[in-house]
1. Can you give the relative contact order of the chain as a percent, counting alpha carbon pairs under 8 Å and 6+ residues apart?
2. Using r as the Cβ-Cβ distance of S331 and D269, and R0 as 22 Å, what FRET efficiency do you calculate, to the nearest 0.05?
3. Please report the antiparallel percentage of the DSSP beta bridges confined to the chain, to the nearest 5.
4. Starting with the fewest neighbours, write out W263, W324, W105 ranked by other beta-carbon atoms found within 10 Å of each beta-carbon.
5. Which aspartates and glutamates have a Cα lying under 15 Å from the Cα of K46, excluding residues fewer than 8 positions away in the same chain?
6. Determine the sum of side-chain charges near T31: Lys and Arg each +1, Asp and Glu each -1, restricted to other residues whose C-beta is under 15 angstrom from that of T31.
7. Using the number of other C-beta atoms within 10 angstrom as an exposure proxy, rank C249, C373 with the fewest first.
8. Please list, in chain and number order, the residues 5+ apart from K112 or on another chain whose amide H is under 5 Å from its amide H, with Hs placed from the backbone.
Amino acid sequence: MKYIFLIVILVISSCDTSKKTESISIGKKETEVIEIKNFSDNLKAKNIILAIGDGVGPNQITLSRIAIGGLDHRLFIDQMPYHGTSLTHSHNNAYTDSAAAATSWSTGHKTKNRYLSLDPDKEVLETIVEMLHKKGYASGIVATSSVTHATPAALYAHTDSRYEYKNIANQLINSPIDIALGGGKELFDLNKINDTHHLLTAKESLQLNFDYSKKLIGLFDDDGIERSNQKPTQRQMTSFALQHLNNQCNGFFLMTEGSQIDWAGHDNDANKMVEEFRDFDLTIKDLIKFVNKNSNTLLIVTSDHETGGLQILKQDGDKVIIQWGTGRHTSIPVGVQAYGPGAELFQGLMDNTDIHYKMLEAIDYINLENQTCDI
Ligand SMILES: [Zn+2]
């Protein structure tokens, strides 16, 4: 009995991450200043790019800034010209998961955790991808998780369980999404996919050009993409998706997610978090350059929630001491950064559902005519 008691205590104390501290080296890197153009207010956008850093709160950005370049360094996300703040709570919970958060941008409605683009009563909510498809838009998703994971899935799937991955995979194949890149190979019937989609499974295929007779799906790992030289990064997949979506149809909507920043937060692994964030920040660099060349594109960067309750406690020589408060998500508000026509809409404090309506306002959605366009 005494031993069982001891084991229980040991298990409880090993689950308690609240005291976990790490020291992280302060980086030394000059800021790479990126050109930011002026867009006058009230300009309308055509294309929308929504870049999501899953699990990125203000301190994930702060620690990445310090670790990558030092206290006075500026990341690419820092150089976005408009900054706002978003609340993240779900329909009936201060704690949101990625499913309810992504449903808020996708549909403009809050829902219960685990639900994907269904309202709390399980009624189907139209997603921004479905809405824009009727207006002749092309659409794409990029994720470093499986393409069926909650954030991308809220754009095309409707289910009361985000964990029904095979059902979600089927919904992706039958959705209007023109290009989907990420992991999740084990969830799809690869023989059947070829009927409807070009299937890419090797990083090298991102060098190739494809015709538009079929939709594209790239599945580069069984589940989430394990980071290695043999696998594509978020940055590489995003650049490929943009090549295919740009100048097609009436405009395009692209969501690109740094999915595993969240996973590193759940693991309380600061070095991994910074590594994942670096890929996300380099993706943002490319996206800013894309807006500079394609001035009808609005870029929005935000997060679904903070993960890990990350705190930066103090400096100790050439290191900072950080502490994680939890292995779960927190209700800390997240940042919203925007660049391009309509970016000025994303200032101040907003609810996560507001992001949906601001995106529609930026492209003057109510005045778009119904059109069809399949690339
Ligand atoms: Zn998470």
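None of the figures in this text is laboratory data; all of them are computed from the coordinates on show. This is a predicted model, so every value here is computed, not measured. A quick note on method: Cβ atoms are made from the backbone with ideal geometry, for glycine too, and the neighbour counts reach across all protein chains shown.
1. Over the chain, the number comes to 31 percent.
2. Here the calculated transfer efficiency is 0.50.
3. Taking every DSSP beta bridge within the chain, about 40 percent pair in antiparallel fashion.
4. Working: W263 18, W324 23, W105 27.
Ascending Cβ contact count within 10 Å gives the list W263, W324, W105.
5. E361, D364, E369
6. For residues surrounding T31, the net value is 0.
7. Numbers: C249 19, C373 15.
The most exposed by this proxy come first: C373, C249.
8. Long-range HN contacts for K112: H91.
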